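Below is one structure, written out as structure tokens, with a few remarks after it.
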Amino acid sequence: MVFLWPTLLWLLLVVPLLVLLYWWLLHRRKKTALSYSSLSLVREAMGPRQNLRRHIPPALFLLALVALLLAAARPLAVITLPSQDQTIMLAMDVSGSMRATDVEPDRITAAQNAAKAFIAELPRHVRVGIVAFAGSAQLAQLPTQSREDLVKAIDSFQLQRGTATGNGIMLSLATLFPDAGIDIAALGGRQAMRPRPIEEIGKQDPPKPFVPVAPGSYNSAAIIMLTDGQRTTGVDPLEAAKWAADRGVRVYTVGVGTVQGETIGFEGWSMRVRLDEETLKSVATRTNAEYFHAATAADLKKVYETLSSRLTVEKKETEVSSLLALLGAALALLAAGLSVWWYGRVL
């Protein structure tokens, strides 16, 4: 714990002075009690319990004073609070392999249902953006708090050929950091950003100098990538994960399907689609995040519920003066109440 006004902590020196004053007053009362004809009768009337109880209200008042003086110094503590400025990017695989039925009723439907359930559980202040990727990545929905727009974007998915998992991560980063100068095409992927008017090309400010940060240190945003992990084109997902790690953004990966996979056919062609867990685990590890395996629709929903609880809180350095002031006031009222109840007077 640190204090914004540490010089006010000198006021705590009043506390030992008050203790000495209290001790002096007790000593003075003892001298006054000697004037009674029988001091033993007074002690017998008081008893050990009465003797101890009379110190409780002053002790509570002293604790209240300590709490109020600490509150005056404006203490800061690191506590876990709901994040009030957070964006979550859902990067969802819409490649042909997502039509596999090893997850009921099929991978893409289970993923859509789980994503909508996850969004419904998030606090309203959390913004969510959606990136759909197959052979290239597309921004299906800009980050928004409108749950209705997000559901419409998810329901509009259409399966396509190819799987560019790295492009999904890179486009998510480009959405979170629009001024970072991230160019997916230059990294070997196909152009994924929405086209800009010709007159705007060349007028963009040069990207600011970039200084890498610790992986997982950026608490205002996260990426959740849901895919079977089998990349066939585009940016290397491990290279994309490095970009995310250098910016402190965690990339949580959710593997959809089974490791053994199944053979699917579409428009005259067939292929064996398996879950590439190794790549997904590496992406999550590199960004200081976690990998989850969702082999069934029920598992998928459970994964999203877990992510919801993990992504909506963060540790912040917060001023706790009001809490200490409330504690001090409560202790002072308790001390006064006990004193009036037991002795008919305040302290």
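On inspection, LEU39 does not qualify as modelled with pLDDT of 85 or more and of a type outside the set (Val, Ile, Thr). Could you tell me whether segment 269-282 includes any residue that is open to solvent by less than 40 Å² (accessible area, probe 1.4 Å), at pLDDT 80 or above and β-branched (Val, Ile, Thr)? The answer is yes; a qualifying residue exists.
Being under 30 Å from LEU226 (Cα atoms), at pLDDT 85 or above and either touching a Leu at 6+ places or on another chain (Cβ under 9 Å) or of a type in the set (Val, Ile, Thr) (or both) is a condition met by at least one residue of segment 72-87.
All conditions in (1) surrounded by fewer than 24 Cβ atoms within 10 Å (Cβ to Cβ); (2) in contact (Cβ under 8 Å) with a residue 60 or more places away in the chain hold for ALA91, with the sole exception of (1).
With the condition kept exactly as written, say whether any residue in segment 325-346 is at pLDDT below 75 and within 30 Å of ASP106 (Cβ to Cβ). Checking segment 325-346: not a single residue is at pLDDT below 75 and within 30 Å of ASP106 (Cβ to Cβ). Yes or no: segment 109-122 includes at least one residue that is without any contact (Cβ under 8 Å) to a residue 60 or more places away in the chain and not in a helix (DSSP H, G or I). Looking for residues that are without any contact (Cβ under 8 Å) to a residue 60 or more places away in the chain and not in a helix (DSSP H, G or I), one finds none in segment 109-122, hence no. Scanning segment 288-324 for residues that are at pLDDT below 80, part of a helix (DSSP H, G or I) and over 24 Å from ASP106 (Cα atoms), we see that the one that is least open to solvent (accessible area, probe 1.4 Å) is LEU311.
Step by step: first the residues of segment 232-249, then only those that are buried (at least 24 other Cβ atoms within 10 Å of the Cβ) and outside any helix (DSSP H, G or I), then the one that is modelled with the highest pLDDT. Which residue is that? Selected residue: VAL249. Being at pLDDT below 90, surrounded by fewer than 18 Cβ atoms within 10 Å (Cβ to Cβ) and part of a strand (DSSP E or B), is that true of even one residue in segment 170-191? Among the residues of segment 170-191, not one is at pLDDT below 90, surrounded by fewer than 18 Cβ atoms within 10 Å (Cβ to Cβ) and part of a strand (DSSP E or B), which makes the answer no. THR285 meets all of the listed conditions (1) polar (S, T, N, Q); (2) modelled with pLDDT under 85; (3) surrounded by fewer than 18 Cβ atoms within 10 Å (Cβ to Cβ); (4) touching a Phe, Trp or Tyr at 6+ places or on another chain (Cβ under 9 Å) but one, namely (2).
The values are calculated or read from the model by the stated rules, or taken from the named source; none is laboratory data. Predicted, not measured: the structure shown is a model, and the values here were computed from it. All Cβ positions, even for glycine, are placed from backbone atoms using ideal geometry, and neighbour counts span all protein chains on display. Note: accessible area is taken over every heavy atom of the protein model, side chains too, but ligands, DNA and RNA are not part of it. Shrake-Rupley method; radii C 1.70, N 1.55, O 1.52, S 1.80 Å.
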